[in-house]
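*Asks:* Quick one: the structure is below, and I'll ask about it shortly.
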Amino acid sequence: MSGGLYILKIMGEYMKNKSLLVLLISLILFNSCSDKKEIQKAVDSIRAEDLKSNISVLASDEFKGRAPGTDGEAKTIKYLEEQFKKIGVLPGNGKSYLQEISIVKIGTDLQSVKAVVSDKGKNFPMTVPKDFVIGTTRFVENSSLNNSGLIFAGYGIVAPEYNWNDYAGLDVKGKTVVVLVNDPGFATGDKNLFNGKSMTYYGRWTYKFEEAAKQGAAGILIVHETEAAGYPWSVVENSWTGTRVYLDAPDKNFSNCVFNGWITTETAQKLFEMSGIDFNKTALSASQRGFKPVPLSSSISVSFKSRLAYAKSNNVIGVLPGSELKDQYIIYTAHWDHFGVKPNVTQGDSILNGALDNATGVAGVLQLAKAFASLPKTQKRSVVFLAVTGEEAGLLGSDFYAKHPIFPLNKTAAVINMDALNIFGRTKDITLVGYKDSGLDDYAEKIVKENGRYVAPESTPEKGTYFRSDHFSFAKAGVPVLYFAMGVDNAEHGKQWGLDQSAKWLKENYHKPSDEYNPAIWKFDGMVDDLKIIFETGYDLSNTDKFPNWFEGSKFKPARDAMMK
Ligand SMILES: [Zn+2]
């Protein structure tokens, strides 16, 4: 650009001369062509071999599933620091590549769990994890609750903008609420109810726990249903029978419920039956306007012990300073953590390697860092590479960063997130989760088109993917985000095949020990294609002085507008 302007200045006085004008135009064209060529070197530096070697290390058994605050973390952050240094990425936090976070690890002692639902002399003792799972977010060793009345509170949602309140006129103090997962829009498919089939934040379990606590409930049980949750019971079981991780909190989380839990659909049916209520019918009515909460005649008594451990975990952060707009930032994010080692496994594989989820995304961040580092001419804005911790525990690392930003959020033009890259081969499309949300989409779309591909919205918006990875922490804080995910329109086998592959993978491997790196099956050509697009999009954003905003009507826009004033 600056070269073109210089030529313009010199040639200005000769502008009337036609042949010189032609020369001028060709000079400018040549100039931008050579720019493109220089970027091309960076683009070509993204290579399958490097991805393979990074992923094979990060997802190896030696890294023990990369759980926050463990030996697996120590290995992971050391490896990432080494890679950053090798690439030439500078420490992102002063002299350090680390942003330390105080965490609390809580694991329910499964042997200690006693839970009985009683109703007029009838007892239903529930067992973990067949009937339900339970835990506390409070930093205490002993949790118990006696004869807490059960109330079915529909979807457990208070959403004024949708004119919806499942807690209206309800006093749940000391009570245990039973709520459905997802939201009424999902259940009915009605486009005018919430966001239709697309899950809103109100559909997420995290929200339901928050709201129940806010309402003063003593306990909450979410009824699991595979379709509505977006994953099978085994996923809930895996997350809740192991150790869960929380950010340290001054109030030791005593503002939260005594216990949080999930029950299976079968358990819900039994509970309702004890009170002479048909669960399926009542659940159906919960998605209709005018639904009133239904008190069950039963109550629950629970007690359990928890193992508590205070620990430190780390976000890993590096930066490649920009040239002219050094104090403005583009941040690439991917979570490095996964679930670690599953306890009480006597047979078979106990290590949750998290190869696809999310060794791929972290390897992607390293490739992008390498691409930016190999640019012959430094990009204008600084580019930050942020591998966050605690995503699997509830977006902890990104949430902490968004609340304690190292680089000011109002100087951060975009956050570009990666979580599970493409291992199924080339696709014609690339997915943008949260497509049509902000002006960042234009940058992505331009590059995708130039690469002869097309942008697709999420194929399964009902799963609430938008709320399930780290970009969401930044969106909540107001920073516009791009979340690239793998496409499904497979270049060789078509779209249905692609959809089937991801559904199959989700069912068989998601959050399971079988999410392992398999060099014999994994394809890297699609992953490399995607990363090139992710690089070029970030590159364009790093060379503009614009701050594309959320579109009008976005719930994240007010926060952005406020910080940009
Ligand atoms: Zn993930």
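The values are calculated or read from the model by the stated rules, or taken from the named source; none is laboratory data. Predicted model, so just to flag it, every value in this text is computed and none were measured. Using ideal geometry, Cβ is built from the backbone for each residue, glycine included, and neighbour counts are taken over all protein chains shown. Side chains are part of the model used for accessible areas, which takes the heavy atoms of the whole protein and leaves out ligands, DNA and RNA. Shrake-Rupley method; radii C 1.70, N 1.55, O 1.52, S 1.80 Å.
*Asks:* Say we look at the stretch 186-199 and pick out the residues that are touching a residue at least 40 places away in the same chain (Cβ under 8 Å) and crowded, with 24+ Cβ neighbours inside 10 Å; which of these is farthest from K252 (Cα to Cα)?
*Replies:* F186
*Asks:* Any residue at all in the stretch 60-80 that's within 24 Å of A402 (Cα to Cα) and among the acidic types (D, E)?
*Replies:* The answer is yes, given that some residue of the stretch 60-80 is within 24 Å of A402 (Cα to Cα) and among the acidic types (D, E).
*Asks:* Within the stretch 360-373, can one find any residue that is open to solvent by 10 Å² or more (accessible area, probe 1.4 Å), touching a strand residue (DSSP E or B) at 6+ places or on another chain (Cβ under 9 Å) and under 18 Å from D50 (Cα atoms)?
*Replies:* yes
*Asks:* Give me a count of the residues in the stretch 370-424 that are away from the ligand (no atom under 13 Å from the Cβ), of a type in the set (G, A, S) and in a strand (DSSP E or B).
*Replies:* Number of matching residues: 3.
*Asks:* While we're on this one: Starting from residues that are among the aromatic types (F, W, Y) and modelled with pLDDT of 95 or more, keep the ones in the stretch 243-271 and report whichever is surrounded by the fewest Cβ atoms within 10 Å (Cβ to Cβ).
*Replies:* Filtering the stretch 243-271 for residues that are among the aromatic types (F, W, Y) and modelled with pLDDT of 95 or more, the one surrounded by the fewest Cβ atoms within 10 Å (Cβ to Cβ) comes out as F254.
*Asks:* OK, next. Of all residues being of a type in the set (A, V, I, L, M, F, W, C) and in contact with a Lys or Arg (Cβ under 9 Å, 6 or more places away or on another chain) in the stretch 181-197, which is farthest from Y466 (Cα to Cα)? Just the residue, please.
*Replies:* Across the stretch 181-197, the extreme among qualifying residues is L193.
*Asks:* Oh, and also: Considering only strands (runs of 3 or more DSSP E) fully contained in the stretch 45-129, which possess at least 3 residues that are out of contact with any Lys or Arg (no Cβ under 9 Å at 6 or more places or on another chain)? Break it down stepwise before answering.
*Replies:* Values: elements: 98-108, 114-119, 122-125.
Hits in the stretch 45-129: 114-119.
*Asks:* Tell me which residues, restricted to the stretch 156-177, are open to solvent by less than 20 Å² (accessible area, probe 1.4 Å) and touching an Asp or Glu at 6+ places or on another chain (Cβ under 7 Å).
*Replies:* Scanning the stretch 156-177 gives G156, I157.
*Asks:* Out of (1) under 29 Å from A393 (Cβ atoms); (2) within 20 Å of the chain's Cα centre (by Cα), the odd one out for Q501 is which?
*Replies:* Single failed check for Q501: (2).
*Asks:* Just to be sure, is A363 of a type in the set (G, A, S) and either assigned to a helix (DSSP H, G or I) or within 13 Å of the chain's Cα centre (by Cα) (or both)?
*Replies:* Yes; evaluated as a whole, the condition is true for this residue.
*Asks:* Another question, if that's okay. Can you name the condition, by its number, that A444 falls short on among (1) part of a strand (DSSP E or B); (2) farther than 27 Å from G390 by Cα?
*Replies:* Checking A444 against (1) part of a strand (DSSP E or B); (2) farther than 27 Å from G390 by Cα, the one that fails is (1).
*Asks:* Name the residue, out of A153, A213, A228, that is closer than 23 Å to S118 by Cα and either touching a helix residue (DSSP H, G or I) at 6+ places or on another chain (Cβ under 6 Å) or surrounded by 18 or more Cβ atoms within 10 Å (Cβ to Cβ) (or both).
*Replies:* When all the criteria are applied, what remains is A153.
*Asks:* Same structure, new question: Just checking, how many residues over the stretch 325-365 are away from the ligand (no atom under 16 Å from the Cβ), within 29 Å of L90 (Cα to Cα) and among the acidic types (D, E)?
*Replies:* Count: 1.
*Asks:* Quick check: anything in the stretch 315-328 touching a residue at least 40 places away in the same chain (Cβ under 8 Å), under 26 Å from W240 (Cα atoms) and in a strand (DSSP E or B)? Let's see the steps before the verdict.
*Replies:* Taking the stretch 315-328 and keeping what is touching a residue at least 40 places away in the same chain (Cβ under 8 Å), we get 315-328.
Next, only the ones that are under 26 Å from W240 (Cα atoms) stay: 315.
Cutting the leftovers down to in a strand (DSSP E or B) gives us 315.
The answer is yes; a qualifying residue exists.
*Asks:* Are any of the residues in the stretch 392-406 surrounded by fewer than 24 Cβ atoms within 10 Å (Cβ to Cβ), farther than 27 Å from L80 by Cβ, modelled with pLDDT of 95 or more and not assigned by TED's automatic domain parsing to the domain that holds S198?
*Replies:* The answer is no, given that none of the residues of the stretch 392-406 is surrounded by fewer than 24 Cβ atoms within 10 Å (Cβ to Cβ), farther than 27 Å from L80 by Cβ, modelled with pLDDT of 95 or more and not assigned by TED's automatic domain parsing to the domain that holds S198.
*Asks:* I need a count of the residues in the stretch 408-440 that are more than 15 Å from the chain's Cα centre (by Cα), crowded, with 20+ Cβ neighbours inside 10 Å, at pLDDT 95 or above and under 16 Å from H471 (Cα atoms).
*Replies:* 6
*Asks:* Okay, moving on. Looking at the stretch 78-102 only, could you name the residues that are among the aromatic types (F, W, Y) and not assigned by TED's automatic domain parsing to the domain that holds L396?
*Replies:* Keep residues of the stretch 78-102 that are among the aromatic types (F, W, Y), which gives 79, 84, 97.
Scanning the stretch 78-102 gives a single hit, Y97.
*Asks:* Out of curiosity, is L180 of a type outside the set (K, R), open to solvent by 10 Å² or more (accessible area, probe 1.4 Å) and at pLDDT 90 or above?
*Replies:* Details: of a type outside the set (K, R): yes; open to solvent by 10 Å² or more (accessible area, probe 1.4 Å): yes; at pLDDT 90 or above: yes.
Judged against the criteria, L180 is a match.
*Asks:* State which residue pairs qualify: first residue within 20 Å of I39 (Cα to Cα) and inside the stretch 355-373, second residue more than 13 Å from the ligand (Cβ to nearest atom) and of a type in the set (D, E, K, R) in any location, beta carbons under 8 Å apart, and separation of 6 or more residues or different chains.
*Replies:* Taking only residues 6 or more apart or on different chains, the pairs are L366/D50; Q367/R47; Q367/D50; K370/D50.
*Asks:* Can you name every residue in the stretch 267-281 that is in contact with an Asp or Glu (Cβ under 7 Å, 6 or more places away or on another chain) and among the polar types (S, T, N, Q)?
*Replies:* Within the stretch 267-281, T267, S275 meet the criteria.
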